[in-house]
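**Student:** Here you go, one structure.
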Amino acid sequence: MKKRNVRWVAWLLVWLMALTAAPVGALADSWSLTANLPTSSDAALSTNSKVMDVTVTFNNVVDIKCLVQPDGSQAINTYENPQIQGNQATFPGIVLSPGLNLISFLGTSGNLQVQSQTYYVNFLNNPRLSNIQVLGTNIDSDSTVAVESSPVSLQYDTENATRSTVNGTSVFGSPVGTKQTWTTSLKLNPGENPVVIVAANAQRSVAVQKSVVLLDPATKSAPFGVTLTSNDGQVTSLWTGQKAQVTGSQPLTLKGRLATPALGTTSPTVEVSVDNGPYQSVTSIAASGTIKEMTQWGASTPLQVWNWSLPLGTLPGSAPDHTLQVRVTVNGTTNQSGVGDYAFSYVDTTQPYWSNPAQLFGVTWAGGAVQAAQSMPVADPWTVSQAPVDMALSLNNFTGTPDFSQVTIQAKDAQGNVIANNVSATIGTLSGQPNTAVIEFGSGVLPSGDYNLVISMPGVPQDFVLHTVVQLSPMLQVEVKQAGQTLSDGAVVQKGDPVSVTVTPINFSQIPQVSGSVNGLNLALSQSGNTYQVGNVQLSEGANTFSFSAEDPVSHVRVSSTLTIYKATPSNLSITGFQAVSSADGTVLPYDATTNTYSTSSQRVDLELKVGPVGTGPNQVNRIDLYKNGQLLTTLSTNNPNTSGFTSSSLNGLTWYYQGDIVREISVDNTGTMSLRISGRDSGNGNWLGVAMPANQTTSFKVTAYSISADGRAIGQQVTQTLLVANQLKPYQVYLFNGPGSTPNKPLGDPVDLTQPVQVNQNFLDVIIATPSPADAVTINRQQAVQWKNPPGADASQWYYGVELQNLKTGLNKIAFTVQSGSANEKGTLLVNNLDQALIYGQAKAYFGKSTSISVFDKQVSLKFPRNTMLANAVSEGSEILPGDGATNDRYLLFGIADPQTGSISGPNASANGNPFAKVPDQLPAGGWAVASPVYWIDAGPKNFNTEDLGLPPFVPAGGIDPFNAGNGFVQRGGPNGGANDWMQPTKEGTLTLAYDPLIRNQEAGRLTVFYLDMSALQNGISSNPWRNIGGVVNLSSHTISVPFRHFGYYVVAKEVYSYQDVASHPWAKDYLEIMYSKGIMTNDPALVDAFNPDVPITRGEFTTMVVKMLGLPLDYDPNHRLFIDVGQATGGLYDYRYIETAARKGIVHGAGPNIFRPGDPLSRQEAATMIAAAMNLKMTDGVSAKAALSRLYGDANSVDLYAAPAVLAVSQKKIMEGSPAPGSVTTGRGRKPVMYFNPNSQLTRAEAAAIAYNVMKQLKKL
């Protein structure tokens, strides 16, 4: 090790001396290059990340490079253009090789080349598994999950892995960043299925086992975790669809777990049958926790888990093979799908026997001793998709040391016929376990197909039978090396050394004949053992495509493999005039030639350059890449990227594609030289602002021009230039939370330009000031700022201080701030122009406190509450709202004007990540609706308001939050009584008043209503149409509509613009029907498409629902203790059980018998009068007096039942219900009126019900 390091350092010194033509002793003493890394190989920094950032601290050194050399290799990877900050240079994305890596730094000090000492980093290269998902839901922390159907998707991520298998079958992977994402489909047996995931590279492997339970479709349940325990404590797991081997002494005990829907304390029935014998009930069963059921993509619900057990005693008969059937009954239904069917063989453990088959990973052979990095139990069947493959098998109860060389292996079909006799295998012993055999099947040994491997050995009476499925595919492995370094497919090389090629056939039945070529010219391959080789292949300039093919001598399957290496040509491309200029006027910035650094006091800069010659020839530029601090900023290319944001220009007959918001100027002259100006455009107003740079840092810009082939690979020439821009700003920067330039991952965005007012449309603002070092004090608008540690996506070298400013006035606000650090006292002013208009994305905050009245958006939205109203944890609908534990009035209510398409109140970006917001007006209930106001979001925030959990700055006061979280995901909170993140709810009912479009005619205003988005129904999937019509009282003079306020969420005013044909043509009830429909008091039968049936008799259930709605009563019901057994739990039709329960509890209606309501029965007019009189608490006399009074009003008063007479009289006197002229009764003279009939026993029609509801709501001032 030491000698090799000395040779490496000596080689570098010779190289440096040749470059500088200066002796080593002439190097100056004033320079330094030091990194915070170990300088000894024995103390090397160990990491499991292939990519790392390396930082070096420098003094009096420029043009710094980082050299990375794998230990024992002559290849050196050079990294240039670091990110400079002060006296530190950071090289992002350094790629490590497995094992020890030698890292050093080169640079220029004065006119000398200088070199740091050597540092050591050890890349462990251990494979890692993470983010395991079934049906889109992460199960990293779950050992067992359940599903209802098969197959299901399985996806997971790996690091440092080149191959992966699931249950022995190879899985396809795709790179995502520094990870690999693997996706496959799992075909499941009914019941519990083992899932063994293995990730491996050439040196190491890792394995994880999960289990997925396929539920019985009838009972939505299944046993899992089923085991047989012997009398001497040996435990064997049983799986459906697999045959287990059970060992140990009898009697046996059967234990297991059971997943069911939530049953509370009601136990399911579990019975067991052995070998199709009678069923026995388990002796113990108890609830024990939950597991997840994957209900749909990305969603899960908990299943109740039960532990159960049953002593089986001694197995019947003497045959080794047995079956078990576990029968489960849930709510009277028994499983039918085989979820509880198990098979096993019992081994006599008094004799020698085989057990515990396991597949080995990371195997190392040392003679006959074998070491393995990891092992996993073999499933039934054992699926083999690649060779060689290693299996361990334990030999038990054997006297002496076993001689595994006597093991013989046969392949037999299911009927016992021999497919292959004496299957060839390498057999050894697992290190440290002399009774465990290791069997390795090499390439081409195992025949393909589905069969049993039968393993025999003298002295072991019972053969071991392993169900095996072999699916091997032949392939050619190609390796190309240049100067000892392996070249990957697509590699670009600069030097002209020849290459050697090795081709290894894998999974062929016999060694095939391999043919090969490069760029169509045949290669003279020579066979050496199992490989073919060719050396001294000279590369041509450009693409060198190696192609190889072979045919399996037995199966005649032909396979091929290709690999392309590119050789670069000497460059005649040029980049000139690369300079930094002012974004405002284009003047060249001050430049220091000794450090190649431009300086500016602006936050943005433009870049100018010339590149040539451009064209499509092999020695012409057809692609230009520009990097900022090592990250790609933009690309110009003659190949169409087919990506949004790109535009094109035809220049001298050649079309160039580029980003129009970055490329400010582009032209090509007659000599083929392209002139460019790179900048950045404001996405709002289109003004050119320049390329943004980090505050108080030196930014590195690099441009590379290429000659690119048609397939997009760099094969020809390339040229690169670099410059630095030092940003000399004030000792502070001002940011706005979610301000200009912000993203979900970087909420601070760009620094504010203090010379221009910031335009906002909200009465509050989160202001943050960043300083390059800790400040003693920061005040903003006379408020002491709070430190915010590590804002997401922000520069970690800065310190951040902020406040939330409240009550911004309309128009210009001048926000004074002071930054004090020691004796320095920096002052500044932030200009904020508040539009204060009711426009989309407008926001306002108002302190709840003890206020009984809140008004925002210039009184477009008002909230009023009774005295002593507080905010408490939301309760289930129908429950009483109490202040309860944690009730508060110390909250800021947030009001936002939402995008009606996405629900966002802060910008268009918030519509991402599976937004479930129900669009307005697309998703309003069926019927013709026109939106008559903005969509408003009103919120008090979650009960447990934690700024860190919510992704908010620490100085934001408790209160309402944006309906989208920091990652743009739609807000999700626990349902009522569901936990610390519940919705808040006022303890007393308030009144919400919303302004509607003042241009709506007064005669149409009666058709206005308010819709509320039921957040609980939305996030829990209860309703596909969660917008609820909650009516409202219209004030024509103020153009407002008022509704009771009980819930936070979304609200919008809408107007009914058309209803149904039979309503529009109704002779007398058109207005009544349309107003009641628009207010949500009446609805249409979901089974009808274009009819309302106004003259059809109304039912008891529908009218009762109408009465509760027209009175605006809070719902009062308990779904677990319903009053009527014939109502059900219907909520989507003409009647709603919640309203019927409420009416009964409030004394408005009575049942038709014990626990019977008869909601579908028609309703007589006198029954309707009785309900209305009770609902309105009308004053009523006794029945006899009422009958007498009615006789003076109606000719059919005698037909009114005595019980109903007081109510009929009361509603008649209030003119809520009136009679109709008796048949044949007409006015025959002056002043004579017709005889009126009340028709008490006539069935009430829906049209009459609408008229009654209108009269009631008018008298109660609810219209």
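**Student:** Pull out all pairs, ordered by first then second residue, where Cβ-Cβ is under 6 Å, the residues are six or more apart or on different chains, the first lies in the range 1119-1140 and is within 25 Å of Ala1091 (Cα to Cα) and not assigned by TED's automatic domain parsing to the domain that holds Trp1027, and the second is assigned to a loop (DSSP other than H, G, I, E, B) and polar (S, T, N, Q).
**Tutor:** Partner pairs satisfying both residue conditions: Tyr1137/Gln1129.
**Student:** Right, here's the next one. How many residues are surrounded by fewer than 18 Cβ atoms within 10 Å (Cβ to Cβ) and part of a strand (DSSP E or B) if we restrict to the range 579-595?
**Tutor:** Matching residues across the range 579-595 total 4.
**Student:** Let me ask something additional. For residues that are modelled with pLDDT under 85 and of a type in the set (S, T, N, Q), scanning just the range 195-233, find the one that is nearest to Val272 (Cα to Cα).
**Tutor:** Ser205
**Student:** A further question follows. Is there a residue being in contact (Cβ under 8 Å) with a residue 60 or more places away in the chain and of a type outside the set (A, V, I, L, M, F, W, C) anywhere in the range 493-505?
**Tutor:** Checking the range 493-505: at least one residue is in contact (Cβ under 8 Å) with a residue 60 or more places away in the chain and of a type outside the set (A, V, I, L, M, F, W, C).
**Student:** Further question: Check Leu100 against each of (1) under 18 Å from Val196 (Cβ atoms); (2) over 29 Å from the mean Cα position of the chain (by Cα) and name the one condition it does not meet.
**Tutor:** Of everything listed in (1) under 18 Å from Val196 (Cβ atoms); (2) over 29 Å from the mean Cα position of the chain (by Cα), Leu100 misses just condition (1).
**Student:** Given Ala1174, Ala1205, Ala1168, which one is without any contact (Cβ under 8 Å) to a residue 24 or more places away in the chain and at negative phi?
**Tutor:** After applying the criteria, what remains is Ala1205.
**Student:** Applying the selection to the range 442-465, what residues are touching a Pro at 6+ places or on another chain (Cβ under 6 Å) and not small (Gly, Ala, Ser)?
**Tutor:** Val460
**Student:** Additional query: Specify which of the listed residues (Ser648, Ser644) is out of contact with any Lys or Arg (no Cβ under 7 Å at 6 or more places or on another chain), assigned to a loop (DSSP other than H, G, I, E, B), farther than 16 Å from Ile708 by Cβ and modelled with pLDDT under 90.
**Tutor:** Ser644
**Student:** Checking Ala1143 against (1) in a loop (DSSP other than H, G, I, E, B); (2) within 30 Å of Leu863 (Cβ to Cβ), only one condition comes out false. Which one?
**Tutor:** Ala1143 satisfies every listed condition except (1).
**Student:** Given the residues Gly289, Gly233, which is the only one that is outside any strand (DSSP E or B) and out of contact with any Lys or Arg (no Cβ under 7 Å at 6 or more places or on another chain)?
**Tutor:** Gly233
**Student:** Consider Ser555 carefully, then state whether it is under 42 Å from the mean Cα position of the chain (by Cα), on the phi < 0 side of the Ramachandran plot and assigned to a loop (DSSP other than H, G, I, E, B).
**Tutor:** no
**Student:** Testing Thr265 on (1) surrounded by 13 or more Cβ atoms within 10 Å (Cβ to Cβ); (2) assigned to a loop (DSSP other than H, G, I, E, B); (3) not aliphatic (A, V, I, L, M), one condition comes back false. Which one is that?
**Tutor:** (1)
**Student:** Test Ala816 against the criterion of being closer than 14 Å to Val734 by Cβ and without any contact (Cβ under 8 Å) to a residue 40 or more places away in the chain, and give yes or no.
**Tutor:** Criteria met by Ala816.
**Student:** Can I ask one more? Quick check on the range 888-903: of everything there that is in a strand (DSSP E or B) and either polar (S, T, N, Q) or modelled with pLDDT of 90 or more (or both), which residue is surrounded by the fewest Cβ atoms within 10 Å (Cβ to Cβ)?
**Tutor:** Checking each candidate, the answer is Thr888.
**Student:** If you don't mind, another one. So which residues in the range 856-870 are of a type outside the set (D, E, K, R) and surrounded by 15 or more Cβ atoms within 10 Å (Cβ to Cβ)?
**Tutor:** Matches in the range 856-870: Val856, Phe857, Gln860, Val861, Ser862, Leu863, Phe865, Thr869, Met870.
**Student:** If you don't mind, there's one more thing I want to ask. For Ser549, state whether it is surrounded by 15 or more Cβ atoms within 10 Å (Cβ to Cβ) and in contact (Cβ under 8 Å) with a residue 12 or more places away in the chain.
**Tutor:** Answer is yes for this residue.
**Student:** I've got another one for you. Can you work out which of the residues in the range 1146-1163 that are in contact (Cβ under 8 Å) with a residue 60 or more places away in the chain and either under 45 Å from the mean Cα position of the chain (by Cα) or not in a loop (DSSP other than H, G, I, E, B) (or both) is farthest from Thr1105 (Cα to Cα)?
**Tutor:** Pro1162
**Student:** Among Ile419, Ile439, which is among the hydrophobic types (A, V, I, L, M, F, W, C) and surrounded by fewer than 19 Cβ atoms within 10 Å (Cβ to Cβ)?
**Tutor:** One residue alone meets the criteria, Ile419.
**Student:** Does the range 367-379 include one or more residues that are crowded, with 20+ Cβ neighbours inside 10 Å, assigned by TED's automatic domain parsing to the domain that holds Val465 and not in a strand (DSSP E or B)?
**Tutor:** Taking every residue of the range 367-379 in turn, at least one turns out to be crowded, with 20+ Cβ neighbours inside 10 Å, assigned by TED's automatic domain parsing to the domain that holds Val465 and not in a strand (DSSP E or B).
**Student:** Answer yes if at least one residue in the range 281-290 is surrounded by 14 or more Cβ atoms within 10 Å (Cβ to Cβ), outside the structural domain of Leu135 (by TED's automatic domain parsing) and among the polar types (S, T, N, Q), and no otherwise.
**Tutor:** Checked against the condition, which is being surrounded by 14 or more Cβ atoms within 10 Å (Cβ to Cβ), outside the structural domain of Leu135 (by TED's automatic domain parsing) and among the polar types (S, T, N, Q), the range 281-290 yields no hits at all.
**Student:** Return yes or no: is Gln336 modelled with pLDDT of 90 or more and either buried (at least 19 other Cβ atoms within 10 Å of the Cβ) or of a type outside the set (Gly, Ala, Ser) (or both)?
**Tutor:** no
**Student:** Whether any residue in the range 383-390 is surrounded by fewer than 17 Cβ atoms within 10 Å (Cβ to Cβ), assigned to a strand (DSSP E or B) and on the phi < 0 side of the Ramachandran plot is what I want to check.
**Tutor:** Within the range 383-390, none of the residues are surrounded by fewer than 17 Cβ atoms within 10 Å (Cβ to Cβ), assigned to a strand (DSSP E or B) and on the phi < 0 side of the Ramachandran plot.
**Student:** Moving on to the next point. Do we find that Lys1179 is farther than 26 Å from Asp1095 by Cα, charged (D, E, K, R) and assigned to a helix (DSSP H, G or I) in this structure?
**Tutor:** Taking the combined requirement at face value, the residue does not satisfy it.
**Student:** Show the residue pairs meeting these rules: Cβ distance below 6 Å; 6+ apart or different chains; first residue within the range 393-413 and assigned by TED's automatic domain parsing to the domain that holds Val454; second residue part of a loop (DSSP other than H, G, I, E, B) and of a type in the set (A, V, I, L, M, F, W, C).
**Tutor:** That search, which allows pairs on different chains as well, returns Gln406/Met457; Val407/Met457; Ile409/Val423; Ile409/Ala425; Ala411/Val423.
**Student:** Restricting to the range 824-855, and then to whatever is among the hydrophobic types (A, V, I, L, M, F, W, C) and under 35 Å from the mean Cα position of the chain (by Cα), can you tell me which residue is surrounded by the fewest Cβ atoms within 10 Å (Cβ to Cβ)?
**Tutor:** Here the answer is Leu839.
For every residue, the table says whether it meets (1) in contact with a Lys or Arg (Cβ under 8 Å, 6 or more places away or on another chain); (2) more than 30 Å from Ala411 (Cα to Cα).
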| position | (1), (2) |
| --- | --- |
| Ser448 | no, no |
| Ile455 | no, no |
| Phe464 | no, no |
| Leu472 | no, no |
| Pro505 | no, no |
| Ser517 | no, yes |
| Asn522 | no, yes |
| Gly542 | yes, yes |
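The values are calculated or read from the model by the stated rules, or taken from the named source; none is laboratory data. Please read all numbers here as calculations on a predicted model, not as lab measurements. Because the Cβ atoms are built from the backbone with ideal geometry, glycine has one as well, and the counts that use them run over all protein chains shown.
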